[in-house]
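The structure appears right after this line, and notes come after that.
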Amino acid sequence: MREIRGFSIGDWIVTENGIGQVIGSQAYAVQEFFKDDYPTLNCGDIFDNIVVYKILCDFDGKPRKTKFFTYISSQFCDPIDANNLKIKDRVKANYSDAYETFLKRKPKRHVESSIDLTFRVIPKYKEGVIVQIQDVLDTMSKPFDFKTFERSALKQVCGIESDGISGFKDTLMSNAMISLKYNILDANVFNFSFVDGICVPVYCAYDKQQL
């Protein structure tokens, strides 16, 4: 694993997408509901730093024209070096209008990522359970944390067969999935702040034996 790095707003970086400028970053700690994904770490340990940035140009010095904003793990980006600094300065000199527009550009909406969690529901009630869980997601006050959502789902929805919506380890028995979206720059290191979610069915061969 490469080093987890810290970056500040305004830093120039190099990634596989080209040369860009940091508009924000967020460190993330392992939380209870996905701790099994990081067996060598403890809850509360930092496992990544996500860098949100806007792309200025490619490595040939051609300015970006669309899809300026994206994000990447700090493990896969580097501080700008001397060679790429020359490319950036060349863009500034040769495309001054585009460069000035780039510096002023801000995202029009949240820069989002998601966490997917699989679990199990009673097969014969699957369709209804999916609908009920989606209703819980749709009516949650936004943003929300995972524990609040899980408590609400377990209280309001009948037919969730696993102990909860997190920590279900038997992926072959999983027959439902929740994808929870979060705004990267609004997250707290120790508490993901979710802005939306969707619950969908997942195919499970075992279910046919139970119907």
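The values are calculated or read from the model by the stated rules, or taken from the named source; none is laboratory data. The structure presented is a predicted model; accordingly, all values stated were derived computationally and were not measured. Cβ placement follows ideal geometry from the backbone for every residue including glycine, while neighbour counts extend to all protein chains displayed. With ligands, DNA and RNA removed, areas are computed over all heavy atoms of the protein, side chains included. Shrake-Rupley method; radii C 1.70, N 1.55, O 1.52, S 1.80 Å.
Considering the conditions (1) under 22 Å from Ser114 (Cβ atoms); (2) surrounded by 18 or more Cβ atoms within 10 Å (Cβ to Cβ); (3) not small (Gly, Ala, Ser), Asp48 is excluded by exactly one of them, (2).
Scanning the range 9-45 for residues that are among the polar types (S, T, N, Q) and open to solvent by 70 Å² or more (accessible area, probe 1.4 Å) gives Thr40, Asn42.
Quick check, is Asp196 in a strand (DSSP E or B) and at pLDDT 90 or above? In short, yes.
Residue by residue, here is whether (1) in the same structural domain as Lys35 (by the TED database); (2) surrounded by 13 or more Cβ atoms within 10 Å (Cβ to Cβ); (3) closer than 30 Å to Gly24 by Cα holds:
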position	(1), (2), (3)
Phe119	no, yes, no
Val129	no, yes, no
Gln132	no, yes, no
Asp138	no, no, yes
Phe146	no, yes, yes
Lys155	no, no, no
Ser179	no, yes, yes
Leu185	no, yes, yes
Phe194	no, yes, yes
